[in-house]
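See below for the structure under consideration.
The values are calculated or read from the model by the stated rules, or taken from the named source; none is laboratory data. Since this is a predicted model, take the numbers as computed values, not measurements. FYI the Cβ positions are ideal-geometry reconstructions off the backbone, even for glycines, and counts take in every protein chain you see. Areas reflect the complete protein model, heavy atoms only, side chains present, ligands, DNA and RNA absent. Shrake-Rupley method; radii C 1.70, N 1.55, O 1.52, S 1.80 Å.
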Amino acid sequence: MSALILGIESSCDETAVALVRADRTIVAQAVASQDAEHRPFGGVVPELAARAHVERLTPMVEAVLAQAGIKLADVDAIASTAGPGLIGGVMVGLVTAKALSFAANKPLLAINHLEGHALSPRLADSGLQFPYLLLLVSGGHCQLLAVDGVGRYRRLATTIDDAAGEAFDKVAKILGLGFPGGPAVERAAKTGNPFAYKLPRPLLNTDEPHFSFAGLKSAVLRAWAAAPDKSLPASADLAASFQAAVVDCLTDRTRLALAVMPEATALVVAGGVAANSAIRDALRSIAVGAGLPFVAPPLWLCTDNAAMIAWAGAERLALGLVDGLDAVARPRWPLDPDGEAVRGAGVKA
Amino acid sequence: MLLCMDTALAGLSVALCDGDRIVAEHHVLIGRGHAESVIPVVADVMARAGVDVPDAIVVDIGPGSFTGLRIGIAAARALGLAWGVPVHGMRATDLVAAAAFADAPDCDRLAVVLDAGRGQLYVQHFERGQPAGDIVALSPPDATRACAGIAVAGPGAPMLGDARILSDAWPRAADARLLTPAARALTPTPLYVRAPDAVAPAMLLS
């Protein structure tokens, strides 16, 4: 039987536990969203998130094991997100994993959450080989990475200000569309006219390979303030125009990255924003144009989950990359520590 | 054999107790870094005691640093799950009071004072070993007034303007053995006392 990994994820506002085998079988999993707790605040409140994680995590581990009819003794390793993310939640998950690892005498795998996203397409698609070009788009990150192997990542581009998902959340807030912002903007955009508002495409057609969304977000804020009519058709038009601008930025930067990574065997998208179907469709066209397979994990695997953490654990365990019980929880943890600092806040990752 | 744990404040305090006897202990002020150290320290204490699995776990549930409470409680709960042993909670104020009463048998009233962060202090009154009021978060002047005329104990005691300090010792996990059975059988969930600093923003855009 192939190795069985227990995975834990608690770096933002999802508490999640999964049991995944190295042969890609997802034995059991659970995800508890904290949307209800954070909705009144229009964004994730770190202290509220940490409080919810500590209440839910151990009962969830117990429930997932029970659901699978598996004892902790039958698990081969414990994997947990160790960063980057909201540090209070990360600590809860990592300490829980360390305690399970010590008491059950199983190896510990302290996983970079971004590596979970980066390798998740290989959980979904057994045929996906290294190297591939990955667009990682989420609430906290927007990066293009050359994925050369497990633990081997080169950052080709990153955002110099906001992450794409952050821009979706803020635009949803501006337009009063609700939380979480990504699905809310996408829903509104479906009925809107993407040409209704002329919005900027920051850095488009420049040689600088990076992303920028702050100016786009501000343009939405200004356009909405100036809009004479604030009814639903108008917000749908602005949501659609915003989404079209994001798609243009993502596709333009992805094309640039493909040009500098001729060895890529596939174009892959991962992260919560990859759940957006307009973005998926646009990326698929680029891949087709470049003669490459396009790989996008199923939607549930794009948003935060523990199966991807367990899977990254399985990949690292196979290479003997285990961690000590003194592993550190990190609020910031770039996948490519050698990546050059870029101007603005993009140094975050 | 009872595994006792405290990560609520600046201390990292872990002990194995057999009834009234401390079999092995680690009690060090570390300030920060509980998440890195707590499991290696538990492993070390267990190894020194030659114990594979304790009969039960009791963990300090606070009040204290929110992050510290969560680290200790997450660790204790997961250890309990893996070992299949019960996990209970105990209060930081009870630990401090029990130690102070044990050191000063003639004292029948005291107040426990802990640093609550953000310029506040947690205060709780005790009489003849038992809590005589709720834990409250007060400003140092209010805490000084609340403790006027009584002996105080706890690491926050020196922050009072004027007080008769019995002890400024930090909570020590091994003092679980001094607690009543009820005081070390609480639900292992954080005792935050203070609500989270979260306000519904009107339209905060950074």
For A:Q129 and A:S33 in the same chain, what is the full-extension length gain: residue separation times 0.36 nm, less their Cα-Cα distance, in nm?
31.4 nm
Buried on assembly, segment B:27-43 (at least 50 Å² less accessible surface than by itself, 1.4 Å probe)
B:A35, B:E36, B:I39
Listed residue (A:C302, A:L175, A:V150) projecting farthest to the positive dipole end of chain A, Cβ model
A:L175
Quick check on segment A:120-232: what are the equivalent-ellipsoid semi-axes from the Cα gyration tensor, as sqrt(5λ), descending, whole Å?
32, 17, 11
Classify segment A:1-121 as rounded, prolate or oblate, taking a ≥ b ≥ c as the square roots of the eigenvalues of its Cα gyration tensor: rounded when a/c is under 1.5, otherwise prolate if a/b is larger than b/c and oblate if not.
prolate
If you find the alpha carbon centre of segment A:29-56 and of segment A:231-297, how far apart are they in angstrom?
29
Out of B:L166, B:L69, B:L95, a Gaussian network model of chain B with alpha-carbon springs under 10 Å gives the largest mean-square fluctuation to B:L166
Treating only the Cβ atoms of Lys and Arg (+1) and Asp and Glu (-1) as charged, compute the dipole magnitude of chain B about its Cα centre; round to the nearest 20 debye.
340
Buried by at least 50 Å² relative to the chain on its own: which residues of segment A:40-63 qualify, computing accessible area with a 1.4 Å probe on protein heavy atoms?
A:F41, A:E47, A:R51, A:V54, A:E55, A:T58
Amide proton proximity set for B:A24, modelled H, under 5 Å, gap of 5+:
B:L16
For A:F211, list long-range residues whose amide hydrogen, built 1.01 Å from N in the peptide plane, is under 5 Å from its own amide hydrogen.
A:T158, A:T159, A:I160
Of the accessible area of segment B:93-167, computed with a 1.4 Å probe and all protein chains kept, carbon and sulfur make up a percent value of 46
Compare B:R128, A:R24 by solvent-accessible area with a 1.4 Å probe and give them largest first, with all protein chains kept in place.
B:R128, A:R24
Short version: which residues of segment A:74-106 lose at least 10 Å² of accessible area, all chains versus chain alone, 1.4 Å probe?
A:G88, A:M91, A:V92, A:V95, A:T96, A:K98, A:A99, A:L100, A:F102, A:A103
Helix A:277-290 vs. chain A, principal-axis angle (Cα, 0 to 90°, nearest 10)
90
Average accessible area per residue (Å²) across segment B:43-134 - probe 1.4 Å, nucleic acids and ligands excluded
36
Listed residues B:M1, B:M159, A:M1 arranged by accessible area, highest first, probe 1.4 Å:
A:M1, B:M159, B:M1
With +1 assigned to the C-beta of every Lys and Arg and -1 to the C-beta of every Asp and Glu, and no other charges, what is the dipole magnitude of the protein assembly as shown about the Cα centre in debye, to the nearest 20?
1040
Take the alpha carbon gyration tensor of segment B:1-92, find the square roots of its eigenvalues, order them as a ≥ b ≥ c, and report rounded if a/c is under 1.5; if not, report prolate when a/b exceeds b/c, else oblate.
prolate
Counting pairwise Cα distances across segment B:93-167, what percent come out greater than 15 angstrom?
43
By its C-alpha gyration tensor, with a ≥ b ≥ c as the square roots of the eigenvalues, how is segment A:193-349 shaped: rounded for a/c under 1.5, else prolate for a/b larger than b/c, else oblate?
prolate
Rounded to the nearest 10 Å², what accessible area does A:W300 show when all protein chains are kept and the probe is 1.4 Å?
100
For A:K71 the rounded accessible area (nearest 10 Å², probe 1.4 Å, non-protein molecules ignored) is 140
Run the reach check for A:K98 against lysines, Cα to Cα strictly under 16 Å, same-chain hits fewer than 8 apart removed. What comes back?
A:K106
What is the distance, in nm, between label points placed 7 Å from the Cα along the Cα-to-Cβ direction at B:S139 and at A:S218?
3.9
In debye to the nearest 20, the charge dipole size for segment B:93-167, taken about the Cα centre with +1 at each Lys and Arg Cβ and -1 at each Asp and Glu Cβ, equals 140
Surface per residue (accessible, 1.4 Å probe) for chain A, Å²:
36
Charge dipole (segment B:93-167, unit charges on Cβ, about Cα centre) - positive-most of B:Q124, B:A99, B:A137
B:A137
Taking the alpha-carbon distance from A:K198 and a cut-off under 27 Å, which lysines remain once sequence neighbours fewer than 8 residues away in the same chain are dropped?
A:K170, A:K173, A:K190, A:K217, A:K230
Taking 1 over the mean of 1/r across every pair of different Cα atoms in the protein assembly as shown, what Kirkwood radius in Å do you get?
25.2
For segment A:178-184, what does the Karplus curve 6.51 cos²θ - 1.76 cosθ + 1.60, with θ = phi - 60°, yield as ³J(HN,Hα) per residue in whole Hz, taken in order and with x for Gly and Pro?
x, 10, x, x, x, x, 5
Once phi for every residue in segment A:111-123 is put through the Karplus expression 6.51 cos²θ - 1.76 cosθ + 1.60 (θ = phi - 60°), the whole-Hz ³J(HN,Hα) values, with Gly and Pro written as x, are 9, 6, 3, 5, 5, x, 5, 5, 9, 4, x, 6, 6
Buried accessible area for the B:A pair, summed, 1.4 Å probe, in Å² rounded to 100?
2900
Please give the solvent-accessible surface of A:D74 in Å², to the nearest 10, using a probe radius of 1.4 Å with every protein chain present.
90
Ignoring ligands, DNA and RNA, what percent of the accessible area of chain A is carbon or sulfur (1.4 Å)?
56
Arrange the residues A:E166, A:E263 by how much accessible surface each exposes, largest first, with a 1.4 angstrom probe.
A:E263, A:E166
